[in-house]
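Every read-out reported here was derived from the displayed coordinates using simple, explicitly stated rules and does not represent laboratory data. Model, not experiment: these values are computed from the prediction. Cβ coordinates were reconstructed from backbone atoms using ideal geometry, including for glycine residues, and neighbour counts include every protein chain displayed.
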Amino acid sequence: MKKKLFIFMLAVLLVITAGCGEEPIEEVADPDEPVDTVEEENGEVFEFNLAHFFPAGHPAETDLVQGWAEALNEASDGRIEITSYHSGTLVAAADIYNGVVAGTADIGLSAFFYTRGRFPVLEVFELPGIVYESSYAASKVAWEGIKDLNPDEIQDTELMYVLATGPGDLFTTEPVRNLEELEGKKIRAAGLSAETLPLLGAIPEAMPQDEAYEALQRGLVDGNLAPVEVLQGWGHAEVTDYLTRTPFLYNALFFVTMNQEKWDGLPEDLQEVFLEVNERFHEEIAAGLWDEQNERALEWAVEETGQEVFTLSDEEAARWIERVLPLQEEFIEKMDDLGLPGKEIVETVRNMAEQYR
């Protein structure tokens with residue numbers, strides 16, 4: 001009985017002792033310690049996918065897309081995140097603009113000429129007979145011109161900026177130093193080039209760039225009309241021997257554009273971030289993207305493969321330009337039919353190109 005009483009009293013004593021113990025010390029935040037309030041300070045994070053067709057190692061992916069995404073992320077304090085889907089893995093090249101309109105892609109990078117007729121006004125920037133001596137000049141003319149024209153055909157997305165390849169040259173398996181030597185030659189072409197080459201006496205062979213190497217190697221075509229970068233980037237200097245400078249025959253225009261609903265859903269401060277970064281990035285990186293590639297490729301082709309370069313005399317170049325002017329006249333007529341000042345548009349672009357030479 002005494003044993004049971006002792007155990008009971010011991011238990012009561014333990015309970016009382018526990019209840020009288022020290023209160024837990026409440027932690028006080030160090031005022032100098034950073035607090036994790038990213039959501040409160042920065043707001044919602046906006047994530048976008050971006051579709052394009054260039055391969056993973058191409059500067060259009062490594063320098064343009066990744067560089068632009070990084071600049072936007074930094075300028076927005078991490079609130080803008082862009083994930084790139086290169087090599088046509090999200091949307092095929094020819095479907096990218098419409099894919100952005102439909103929302104399949106939030107942002108798209110592709111060429112306007114993949115959907116011929118879809119952008120009638122913007123074809124002015126790819127017309128032959130207008131001289132572009134660099135991708136920087138061609139990109140500046142196009143971007144400034146588009147902002148001025150603001151055509152209806154691009155109102156279904158929010159255009160971020162445009163960039164151009166600048167001049168395209170002829171790479172051939174036989175010398176082409178004049179119109180007579182071009183006569184009858186089969187030349188790989190894309191976009192408006194397919195209409196330009198017949199006016200010069202050549203035979204256009206429409207095919208994507210990734211099929212041109214084999215076609216040249218097998219003798220299915222005698223040459224290619226494209227930016228100089230394909231000599232190295234696509235290996236065409238290995239299957240051609242001659243380059244004829246033709247800065248008045250070719251200019252390919254690319255777009256970077258966003259789905260309209262995605263744009264409208266952005267808070268005003270982030271829209272301002274896009275606008276500021278777009279202009280800065282276009283000037284510093286995008287506008288001259290092809291120039292660096294072209295210069296590097298030409299040096300490599302001449303030094304490593306012995307590519308021979310021809311520059312047309314002023315008189316010979318004038319002959320070529322005269323032959324392709326009907327395409328400018330056709331464009332003017334098309335614009336007039338749309339109720340737009342076709343001649344004024346062409347003259348404005350020509351004058352801007354001359355200004356940037």
I need to check one value: relative contact order of the chain, counting alpha carbon pairs closer than 8 Å and at least 6 residues apart, in percent.
21
Once you put a point 7 Å from the Cα of GLU283 and another 7 Å from the Cα of ARG296, both along the Cβ direction, what distance in nm separates them?
2.5
So what's region 99-204 giving for Cα Rg divided by 2.2 N^0.38 Å, two decimals?
1.25
With a length cut of 18 Å (Cα positions projected on each helix's long axis) and a Kyte-Doolittle mean of at least -1.0, go through the chain and give me the DSSP H helices that pass.
2-19, 135-149, 268-281, 314-337, 342-355
Among bridges DSSP assigns within the chain, what percent are antiparallel (round to 5)?
50
Can you show me the helix-derived [θ] at 222 nm for the chain, built from DSSP H runs with n ≥ 4 at -39,500 (n - 2.57) apiece and divided by the number of residues, rounded to the nearest 500.
-13000 deg cm²/dmol
Label point at ASP63 placed 7 Å out along Cα→Cβ; residues across region 275-305 whose backbone nitrogen lies under 15 Å:
281-300
Relative contact order for region 216-357, counting Cα pairs under 8 Å that sit 6 or more residues apart, in percent:
34
Tell me, in nm to one decimal, what length is gained between GLN217 and LYS343 on full extension, where the rule is 0.36 nm per residue of separation less the Cα-Cα distance?
41.2 nm
Area projected by the alpha carbon convex hull of the chain, averaged over all directions, nm²:
30.0
In debye, nearest 20: dipole of the chain around its Cα centre with unit charges on the Cβ of K, R (+) and D, E (-)?
1200
Relative pair counts by distance (%), Cα atoms of region 52-147, 10 Å bins
14, 36, 40, 9, 1
